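Here's the structure, in structure tokens; my notes come after.
Bear in mind these aren't lab numbers, they're just calculated from the coordinates by the rules spelled out. Just so you know, these numbers come straight off a predicted model, no measurement behind them. No Cβ is skipped: glycine too gets one built from the backbone with ideal geometry, and neighbour counts run over all protein chains shown.
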Amino acid sequence: MTVEAGYRVVIGLETHVQLNTASKMFCRTSAAYASAPPNTLVCPVCLGMPGVLPVINAAAVDFTIMTGLALHSEIPPHAKFDRKNYAYPDLMKWYQISQYDLPLCVGGWLEIAANGETRRIRITRVHLEEDTAKLTHVVGDDGQPASLIDVNRSGVPLMEIVTEPDITNAEEAMAYGLKLRNILRWLGVSTANMQDGALRIDANVSVWPIGAEVGNTKVEVKNMNSFRALGQALDYEIERQIGLLERGERLEQETRGWDESDARTVSQRTKEYAHDYRYFPEPDLPPLEITRERVQRLTKRMPELPDAVRQRLVEELGVASADADELIEDRDLAAYTLDVIERHAGPAAEVVTWVLQDVRRLLNARELKSADIPISAASMAELLALRAKGDLSSTMAGTVLEEMFATRKPLEEIVAARGRQISDSDALAEIAREVMAANPQAVADYHAGKDRAVQFLMGQVMRRTRGQANPGKVTELLRAELSRDRGA
Amino acid sequence: MTDDLFRLTVAEAGDALAAGDISSVDLTRSVLDRIDAVDARTGAYLLVTADAALAQAEAADDRRAGGDAGPLLGIPLAIKDVLCTDGVATTCASRILEGFVPPFDATVVARLKDAGAVLVGKTNMDEFAMGSSNENSGYHPVRNPWDLSKVPGGSSGGSAAAVAADECLAALGSDTGGSVRQPAALCGCVGLKPTYGRVSRYGLVAFASSLDQVGPLTKSVHDAAVLLAATAGHDPRDATSLPEPVPNFAAELDGNVEGLRVGVAPEYFGEGIDAGVASAVEDAIGALEANGTEIRAITLPHTEYALPVYYVIAPSEASANLARYNGVKYGLSDPQAVDVDEMMATVRAQGFGAEVKRRIMLGTFALSSGYYDAYYLRAQKVRTLIKQDFDTAFESVDVIAAPTSPTTAFDLGGRTADPLAMYRADVLTLPASLAGLPAISVPCGFVDGLPVGLQLIAPPLHEARLLRVADAYERLRPETPALRQAVEA
């Protein structure tokens, strides 16, 4: 949508990311709760029982620092955890261990492309906290409303990434979210799936008339569980606020939830009910000292990030930029492609075409993930080499690839069984002559001007050679033999 | 050696068990009989686990028959009800935790079990360890075995009374601002608060996390050394526990304090200190001096701020620590409530006692937006100053000697109407707590038939030195005329 002229829109995003560590943030219980029956992945610590104490999950700290490094944040040497106090039944201790004034990562930026331009969205901070239990509201057996608690999610490591209010419309917000999700996946720190809550984006939206004093009425919008919902909710909210201002009404500072079915935002909490979280340093955890050695070690562990890979594909390897864009959407596919490119003597673009078309089609058909391509990069490179040498035609190479997916047999075995392409002119000419002799009608048709007859004869040659004949050569030879036949 | 086994110290009983003179079952029966005889008068226990104790005693005897040994093998001990015990109700003397049975042992409890100790029961206390008289128990008060009209001190009043009245051979308590040392002083037993971090807090129900420490209450300094060695040491479940190795404290007690420098600060002998108490403590210091220690005057100028600092920091932490008791998961609940908000409100209104509510409100206020800097942050800064006082003092002395409590045991009901008067009972124990230092209270005589405690304070992790001085004093302490405990009457 186009923002009505005369208004300034400012959006800041707060993104919660569940980290895919093996165990929870402060105990050894498994964090892989997604498919576990309710309340089976719990222990005294994540249940918040009396007397229990938290112990920091070092992997979660590492993942957060890696995210900060990817977002160009500063990693201060001193960080700490704090208690954020609020009373809600999904919060086992009635306080959440979070980070208040000394987060793990400070500052940074993420470059996005939206509305045809490239912009840097500034990052305020990245900090680490724990997720809450999950409440489900149901109607009980007695017909009364009831709430069910699943504590499996309680204590799952949760990273929060906060932006400066640098975003001005829904498209930019979506571009930011998509780019961030991709980086998180490349880093391997989160599944970053929005639909199962591993990635949750909340937005603070402020609108005010240009020329008026800078608006300070922030409306927080929550509950968007897809990128589509994020875009719709922001469009709706911007329009709603402008509508209110147009009618001369005042905006209220509040929290609103996106209602997917009604396609609108609904007020959940107004300022009068704003929490005083009474933050104070978590006395159960010593302050975090982040050594420079640790940061260096994590820097070395960082994979090449999508932007860098894209740049390399386009600028050094001559891959079309649309193809590069497609590839970096999928970390595993991109890594595979780069691996094949490195082993392939021919142009990188050739590899990219094969991967984006044939490999991806076969993956989709078999519902395989890109991480589970059944053909090693070495075999793939070998296949492309056979194709380049003319030992396999494109069609044959495609068939071999398909068979490798289906049978997982080694390339050599399949090629040996199927045979290589026949490009030998004498052998093919001999077969062409035999086919012509066996099909006088087709030859006559050709001479009568029906060019299509060549196709028929060609098909017969391919049949005799079980598809191994080099099609270009066969066409060439057939035409030569046919004109000689006419001359005879 | 059959009737009065309950009177033995841990060391004496250990020798008798090792020599095969008695069995742990004999010893445990004797203690259980003693509890039957006197606990109605002291109120020291909230729960006696007689059957489990006898089973543990049998197991200990079997272990010994199998060649096992150890200073705590088969020794009957009591556990303050603030420590989680697997399968055994743990209430913190609060109605809000009524019916709560932890599915795990506190690390210290697990370590005692591993050492073969027999756990006789859970001792009474001030609710959530908040109090100095044990009158804040949500169940019943504890009476001082020396005078049943007096308080035993708190919050580990049940553990202190149980040790003093021989209802166990030794006990564990917890000390946040003096909750082991002050009742030990008032009941005439030894009470040790280790360095913050020396003993794991895992399974210790939190009152004020930056101050809480588990410590032993015993009949002798030697026994305190044995219990400390058994419970101390790094615990991967407690991020604040210290990695330092744990020496064999008891083996180092040789009575030699020659050349040790003992600091005496005027701030611990000023206004509000009972003259009889001061005089008993001065005598004790004199005895140390006569035996080769050097007495040095020191000053701890920020001592007077310890009380206000403590009553900002401890309630602040408590306000968060006690938030989880809302009736949703365990303990008291309200099935009649119309919704979850009402249930949580009702449970907290009914389940917490007045002192606990007062401290939750104090802490909530101190942490509130707009007040945090003036209260919590300021208190943390002054806490640092108090710590620096001690750092400076320990540049010139090895230990500091002082009274443990300003007075002897006071009347039951005597201070309940005046919270501030009650808070002042801890004025001499709070500074070492705020500084995280190890400190011990050792009996040093009587005033009007009531025990007095000598408090010794050492630098961080110097429990060995602390125990050495306390043990040396215990050896040279003049024999007092045998006083008869009221509980015996």
Pick out, from A:S154, A:Y100, A:L187, the residue whose Cα sits farthest towards the positive end of the charge dipole of segment A:88-197, with +1 on the Cβ of Lys and Arg and -1 on the Cβ of Asp and Glu.
A:L187
Please list, ordered by chain and number, the residues whose modelled amide H lies under 5 Å from the amide H of B:T123; skip anything fewer than 5 residues away on the same chain.
B:L46, B:I79, B:K80, B:D81
Rank by packing, highest mean first: peptides A:56-62, A:331-337, with packing defined as the count of other Cβ atoms within 10 Å averaged across residues.
A:331-337, A:56-62
On average, how many beta carbons from a partner chain sit within 10 Å of the beta carbon of a residue in A:49-62?
6
Rank-order A:218-224, B:187-193, A:298-304 by packing density, defined as the average count of other C-beta atoms within 10 Å over each peptide's residues, highest first.
B:187-193, A:218-224, A:298-304
Per-residue average of other protein chain Cβ atoms inside 10 Å, peptide A:39-48 -> 2
Out of B:A284, B:S200, A:L251 - ranked by how far each Cα lies towards the positive end of the dipole of the protein assembly as shown, with unit charges on the beta-carbon of charged residues - the top one is A:L251
What's the whole-number percent of alpha carbon pairs in chain A lying beyond 44 angstrom?
35
Which of the aspartates and glutamates could a cross-linker bridge to A:K300, judged by Cα under 14 Å and excluding same-chain residues fewer than eight apart?
A:D62
The helix A:227-246 Cα axis meets the longest alpha-carbon principal axis of chain A at an angle in degrees, between 0 and 90 and rounded to 10, of 50
Cβ-placed point charges (K, R +1; D, E -1), dipole of the protein assembly as shown about Cα centre in debye, nearest 20
2340
Among the listed pairs A:K24/B:K387; A:K93/A:K134; A:K80/B:K387, which have their C-alpha atoms separated by more than 26 angstrom in this model?
A:K24/B:K387
Show that you can apply the helix-only estimate: for chain A, add -39,500 (n - 2.57) for every DSSP H stretch of four or more residues, divide by all residues, and state [θ] at 222 nm to the nearest 500.
-12000 deg cm²/dmol
Of the DSSP beta bridges with both residues in segment A:7-293, give the percent that are antiparallel, rounding to the nearest 5.
95
In terms of the charge dipole of segment A:304-418, which places +1 on Lys and Arg and -1 on Asp and Glu at the beta carbon, the residue among A:S376, A:S393, A:L363 farthest towards the positive end is A:S393
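Can you give the charge dipole size of segment A:304-418 about its Cα centre, rounded to the nearest 20 debye, using +1 on the beta carbon of Lys and Arg and -1 on the beta carbon of Asp and Glu? Don't skip to the end; give the middle numbers.
On the way: 13 positive and 22 negative charges, 82 e Å.
Here the size comes out at about 400 debye.
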Give me the base-10 log of I(q)/I(0) for chain B at each q in 0.11, 0.12, 0.13 Å⁻¹, Debye formula, one uniform scatterer per Cα, rounded to two decimals.
-0.84, -1.00, -1.19
Return the lysines within reach of A:K389: Cα separation strictly under 29 angstrom, same-chain partners fewer than 8 residues apart disregarded; answer none if there are no such residues.
A:K409, A:K473
For a quick check: with amide H placed at 1.01 Å from N, whose amide H comes under 5 Å from B:I295's, ignoring anything fewer than 5 positions away on the same chain?
B:V262
At the level of C-alpha centres, the distance separating segment B:315-365 and segment A:432-488, in angstrom, is 93
Relative contact order of segment A:7-293, pairs being alpha-carbon contacts under 8 Å that are 6 or more residues apart, as %
25
Taking just the alpha-carbon atoms of segment A:7-293, what radius of gyration and Dmax come out, in angstrom?
19.5, 60
Check A:R264: other-chain or 5+ apart residues with amide H under 5 Å from its amide H, H built from backbone geometry?
A:D259
Using +1 on the beta carbon of Lys and Arg, -1 on that of Asp and Glu, and nothing else charged, what's the dipole of segment A:364-416 about the Cα centre, debye to 20?
100
Segment B:202-270: GluC sites (Glu not before Pro) in DSSP coil with no more than 15 other Cβ atoms inside 10 Å
B:E258
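In peptide B:318-324, how many Cβ atoms from other protein chains are near each Cβ within 10 Å, on average?
6
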Given axes a ≥ b ≥ c from the Cα gyration tensor, I'd like to know whether the protein assembly as shown is rounded (a/c under 1.5), prolate (a/b larger than b/c) or oblate.
prolate
Cut-off under 24 Å on the C-alpha distance; same-chain residues fewer than 8 positions from B:K113 excluded. Which lysines are left, in chain and number order?
B:K80, B:K122, B:K193, B:K219
